[in-house]
Structures are given as C-alpha cells and as structure tokens.
Amino acid sequence: MEKLDQIIEQIHQTFEARTKARDQALKQARQLTRFCANAIRAVHRDDWDLAHEHLASAKELVDALNHDLLEYRDIYFAGYTQDALKEFAEANITYALIKNEPLPTPEDLQLEHHTYLKGLAETAGELRRKCLDILRHGHSAQAEKLLGDMDDIYAVLVTIDYPDAITGGLRRLTDICRGVTERTRGDLTLSL
C-alpha cells in the first residue's frame, strides 16, 4: 500500500492527458463537420474556390486528428471522430464527382476504409440534390451523368457484404443510397 498514492497519481495524469485529447478531438470534429458542410454548400452554389478553401481547412483538421490521436486510438475510432471523418469523405467525393475530377481514394484522404465507404454512400444524397437543381434549369446531360455516378456508387456498395461490426453500419447507408438513387431516377425520367 506504500505505492498506492504514486499509482493513483500516475492514473490521474493518464486520465488528464486522455481527457485533454478527447476534448481537443471533440472540438476538431465539430470544426471538421462545419468545414465539410460549408464545402458542400459551396459546391452546390458552384463556388469552387470557396469549396476548395473549406476542403483545405478540413484537411488540416484531419491531419491534426490523425496526429493527435496516435496514442489514443479508441478516441480516434469513437463515433464522433469517425462521423466527422465520414463528412470529410462525403465532401471530397461530392466535390470530385460534381466537378468531374478523379475520385479521391481512402488513402488520399487518410481515412479508414469503412469511414470512406460511409462517406461514399452519403454522397448519393448530395448528387441527388445537384441533379434536382440541374433539372430545374433544364440541363439534363449533367444530371444523367450524376445519376450514373449514383448507380455506380450503389453497385459497389452492394458488394460490400460484411458484418456491421466490420463496416460500421454500412448496410443501412447502402439501403438509403438505393432509395435515393431510385427516387432520382424517377424524377429524372419524369423530367425528360
């Protein structure tokens, strides 16, 4: 029992460091989500410079999260951190597809595969939004291209047949992607 005070003091120090890392990660995750939402908003407004600016700021936060949480992998894999990183994937993929640029890879974005796939699945909703905006102005060729991208996304997501424990709940997002894609196909068909 002589060392109990020392042991407890070490535990306090460890918990203080973990709490500090957690608080910082929460702050970074909120900022990351905000930058990604603003980037997507800029994409829908065709403000490519602003979108790029927001994505660059988001990338700095992703780099910081990856660096700061090297010792705290459980915090890195916590829901709020991965959700923010998923938004980063969605924003970058949306930007690339709508601007007709090469699709970024999980490695390009420094993301776990399941996080990337969840962002990819959620991109379908942003592509639907863009399609509907395009259809209001009568530009159906680009809408057809984006619908094709949505079809491609669903086609690959449906092949990811692994337990939710591995994919982080991707199956539900794949089902949502299918519904969004089919509604968009219906809207495009009626428009044409």
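The values are calculated or read from the model by the stated rules, or taken from the named source; none is laboratory data. Because the structure is a prediction, the values reported are computed rather than measured. Positions of Cβ are generated from backbone atoms using ideal geometry, with glycine treated the same way; all protein chains shown enter the neighbour counts. Ligands, DNA and RNA are stripped out before the accessible areas are found, and what is left, the full protein with its side chains, is counted by its heavy atoms. Shrake-Rupley method; radii C 1.70, N 1.55, O 1.52, S 1.80 Å.
Just to confirm the filter: which trypsin sites (Lys or Arg not before Pro) across segment 63-169 are DSSP coil and have at most 15 other Cβ within 10 angstrom of their Cβ?
99
The residues packed around residue 25, meaning those with a beta-carbon under 14 Å from its beta-carbon, carry a net charge of 0 if Lys and Arg are +1 and Asp and Glu are -1. When the C-alpha to C-alpha distance is required to be over 22 Å, the pairs from 59/86; 59/99; 59/118; 59/145 that qualify are 59/145.
Solvent-accessible surface of the chain, averaged per residue with a 1.4 angstrom probe and all protein chains in place: 57 square angstrom. Other residues within the sphere of radius under 14 Å centred on the Cβ of residue 163, judged by their own Cβ, net out at 0 (K and R +1, D and E -1). Taking Rg/Rh (Cα atoms, Kirkwood Rh) as the quantity of interest, determine which of (1) 0.93; (2) 1.11; (3) 0.96 was computed from the displayed structure. Derived directly from the coordinates: (2).
When both segment 120-164 and segment 11-78 are represented by their alpha-carbon centers, they are found 26 Å apart.
Sites count as exposed loop sites when they are GluC sites (Glu not before Pro), lie in a DSSP loop, and have at most 12 other Cβ atoms within 10 angstrom; the longest stretch of the chain without one is 72-192.
Near residue 92, once Lys and Arg are set to +1 and Asp and Glu to -1 for all other residues with Cβ below 9 Å from its Cβ, the sum equals -1. Once the Cβ-Cβ distance of residue 159 and residue 17 is raised to the sixth power relative to R0 = 45 Å, the FRET efficiency obtained is 0.60.
Short-range pairs are left out: with C-alpha atoms under 8 Å and at least six residues apart, the relative contact order of the chain is 17 percent. What's the angle, to the nearest 10 degrees (0 to 90), between helix 170-191's Cα axis and the longest principal axis of the chain? Once rounded, the angle reads 20 degrees.
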